[in-house]
Amino acid sequence: MTIAETGAKQALRMRRFLMAATTYVVCAALAQASAWLGYLPSSLPAYWLIGATAVNAAFFVMLRSGWNLRLQDPSMTEIQLIVSLVAAMVLISQADEARGAFLMFLPVPLLFGVLRLNFRQMARVGIIGIAGYAGVIAVMASMQPERVQVTLEMINLMALATVMIFVSLMGGYISKVRADLALAVAKIGELAQRDSLTGLFNRRDLMQRLEVENARYERQLCRGITLCMIDLDHFKQINDTFGHPVGDEVLVLVGKCLGNSIRTMDYVARYGGEEFVVLLDADSDELAFAACERIRAKIGQLRIPALQERPISVSIGVAYLAKGESTSSLIERADEALYLAKAQGRNCVWAAPRLDALADTAPYCP
């Protein structure tokens, strides 16, 4: 994951945290109103708010410092929900006659879980809420029985369990739909980036990548960009002689060969038709020529039974990005170099003159 992606996710987690923190403020205001009406001890809302503030401050520091990224769940959603349930239990345990009203606080945390948790996690939080309330009633019944109407509390517990189960089921379903939607969006994004035949990146993604790499080069974040325009020699004859299905097979195998011939830091895309583009993280003639020769040699070793031992060869035009040069100019110069490679008899590499060099680059042919 890139730094930008991590930053975007952290910003989203912070927004969700601030939304959750706002609910504590609302709950504190309701608790204070209840205290004024005599349903809670007068000092409880202030102490409750201090404790809630301290806990949320700890979560804020973890998010702000990035310490949460060390956790298995960087969003800390489940633990935050459990803490909020505990906070609600404190108010519920002191509410007496208004206890039923404060029970409505318990399902609220599950609504935040819909944004992040799956059904199993939602159910786990729900069970903790139900068990917590049952525990509070059990402790009060044993220590202060005068404060508890057991029959009424059983009704409250059953109502709470019903709501928790319903919210967990709905939240789990929504979470699954959200996950399926995210998967579909990712699939659509991949289809928009990939060539349907070869599986390589397509021309659209190539142009975006070039703009990004050009910006990185201008900021001196990479050594340089070498664009290699690769064209299959006599591909029209292959289609005319052996048929388009065989031509498609050739394109697929050449695409795989290109992918296996470059480094992980390099990039390959299908430019269109029988043309491919390789972007090399290189700024020297030696590195570029060595990479192009490796590509040319490996493709020359390919054998396809349907071609009846007919060899496959490619011509390659190379251009080096100059400071201040546009990506369209870089592609145009590589295409001109490719044309010269074909004019030299094909199955060779030709480099366009460097715009930032005193001397032209000599051709390279086997």
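Restricting to segment 38-78, give me the number of residues that are in contact (Cβ under 8 Å) with a residue 40 or more places away in the chain and farther than 28 Å from Val114 by Cβ.
Result for segment 38-78: 4.
Being of a type outside the set (Gly, Ala, Ser), assigned to a helix (DSSP H, G or I) and over 36 Å from the mean Cα position of the chain (by Cα) is the requirement here; does Glu286 meet it? I'd like the intermediate steps shown before the answer.
Values: of a type outside the set (Gly, Ala, Ser): yes; assigned to a helix (DSSP H, G or I): yes; over 36 Å from the mean Cα position of the chain (by Cα): yes.
Criteria met by Glu286.
Against the definition (among the charged types (D, E, K, R), surrounded by fewer than 19 Cβ atoms within 10 Å (Cβ to Cβ) and more than 25 Å from Val26 (Cβ to Cβ)), how does Glu153 come out, yes or no? Show your work before the answer.
Details: among the charged types (D, E, K, R): yes; surrounded by fewer than 19 Cβ atoms within 10 Å (Cβ to Cβ): no; more than 25 Å from Val26 (Cβ to Cβ): yes.
No.
Residues checked against (1) within 24 Å of Glu213 (Cα to Cα); (2) surrounded by 18 or more Cβ atoms within 10 Å (Cβ to Cβ); (3) at pLDDT 90 or above:
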site	(1), (2), (3)
Leu227	yes, yes, yes
Ile230	yes, yes, yes
Gln237	no, no, yes
Leu253	no, no, yes
Lys256	yes, no, yes
Gly259	yes, no, yes
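Report yes if Glu309 is out of contact with any helix residue (DSSP H, G or I) (no Cβ under 9 Å at 6 or more places or on another chain) and in a helix (DSSP H, G or I), otherwise no.
Details: out of contact with any helix residue (DSSP H, G or I) (no Cβ under 9 Å at 6 or more places or on another chain): yes; in a helix (DSSP H, G or I): no.
No; evaluated as a whole, the condition is false for this residue.
With Leu44, Leu115 as the choices, which residue is assigned by TED's automatic domain parsing to the domain that holds Val163 and farther than 18 Å from Leu169 by Cα? Steps first, please.
On the way: Leu115 fails: farther than 18 Å from Leu169 by Cα.
Exactly one residue qualifies, and that residue is Leu44.
How many residues are part of a loop (DSSP other than H, G, I, E, B), of a type outside the set (A, V, I, L, M, F, W, C) and more than 16 Å from Leu110 (Cβ to Cβ) when one looks only at segment 54-86?
Residues of segment 54-86 that are part of a loop (DSSP other than H, G, I, E, B), as a first pass: 66, 71-76.
Adding the requirement that they be of a type outside the set (A, V, I, L, M, F, W, C) leaves 66, 72-75.
Adding the requirement that they be more than 16 Å from Leu110 (Cβ to Cβ) leaves 66, 72-74.
Residues meeting the conditions: 4.
Would you say Ile127 is within 19 Å of Gln80 (Cβ to Cβ), surrounded by fewer than 16 Cβ atoms within 10 Å (Cβ to Cβ) and assigned by TED's automatic domain parsing to the domain that holds Val83? Walk me through how you get there before you give the answer.
Values: within 19 Å of Gln80 (Cβ to Cβ): yes; surrounded by fewer than 16 Cβ atoms within 10 Å (Cβ to Cβ): yes; assigned by TED's automatic domain parsing to the domain that holds Val83: yes.
So Ile127 fits the description; yes.
Within segment 206-235, count every residue that is part of a helix (DSSP H, G or I), more than 30 Å from Arg303 (Cβ to Cβ) and under 25 Å from the mean Cα position of the chain (by Cα).
Within segment 206-235, the first condition is being part of a helix (DSSP H, G or I), and the residues that meet it are 206-218, 235.
With the extra rule that they be more than 30 Å from Arg303 (Cβ to Cβ), the set shrinks to 207-218.
Now narrow it down to the ones that are under 25 Å from the mean Cα position of the chain (by Cα): 207-217.
Final tally of qualifying residues: 11.
What tally of residues in segment 236-272 results from selecting those that are over 26 Å from the mean Cα position of the chain (by Cα), aliphatic (A, V, I, L, M) and not in a helix (DSSP H, G or I)?
The qualifying residues number 0.
I'd like the residue in segment 90-119 that is surrounded by fewer than 19 Cβ atoms within 10 Å (Cβ to Cβ) and within 25 Å of the chain's Cα centre (by Cα) and, out of all such residues, is modelled with the lowest pLDDT.
My answer is Leu115.
Please work out which one of (1) modelled with pLDDT of 90 or more; (2) closer than 19 Å to Ile128 by Cα is the condition Gly51 fails and give its number.
(2)
If I ask for residues that are part of a loop (DSSP other than H, G, I, E, B) and touching a residue at least 40 places away in the same chain (Cβ under 8 Å), which ones from segment 327-355 would you list?
Within segment 327-355, Arg346, Asn347, Cys348 qualify.
Every residue, every condition in (1) within 30 Å of Gly273 (Cβ to Cβ); (2) part of a helix (DSSP H, G or I); (3) without any contact (Cβ under 8 Å) to a residue 24 or more places away in the chain, yes or no:
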{"site": "Ala159", "(1), (2), (3)": "no, yes, no"}
{"site": "Ile174", "(1), (2), (3)": "no, yes, no"}
{"site": "Asp180", "(1), (2), (3)": "no, yes, yes"}
{"site": "Leu183", "(1), (2), (3)": "no, yes, yes"}
{"site": "Ala186", "(1), (2), (3)": "yes, yes, yes"}
{"site": "Gly189", "(1), (2), (3)": "yes, yes, yes"}
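Inside segment 120-151, can you point out the residues that are among the hydrophobic types (A, V, I, L, M, F, W, C), over 25 Å from Ile79 (Cα atoms) and free of Cβ contacts under 8 Å to residues at least 40 places away in the same chain?
Selection gives Ala141, Met143, Val148, Val150.
Please identify the pairs in which a residue from segment 283-296 that is assigned by TED's automatic domain parsing to the domain that holds Ala337 has its Cβ atom under 8 Å from the Cβ atom of a residue that is among the acidic types (Asp, Glu), counting only partners at least 6 apart or on another chain.
Ala291/Asp266
So Gly38 passes all but one of these: (1) surrounded by fewer than 17 Cβ atoms within 10 Å (Cβ to Cβ); (2) of a type outside the set (Ser, Thr, Tyr); (3) more than 38 Å from the chain's Cα centre (by Cα); (4) part of a helix (DSSP H, G or I). Which condition number does it fail?
Failed condition: (4).
The values are calculated or read from the model by the stated rules, or taken from the named source; none is laboratory data. Because the structure is a prediction, the values reported are computed rather than measured. Cβ coordinates were reconstructed from backbone atoms using ideal geometry, including for glycine residues, and neighbour counts include every protein chain displayed.
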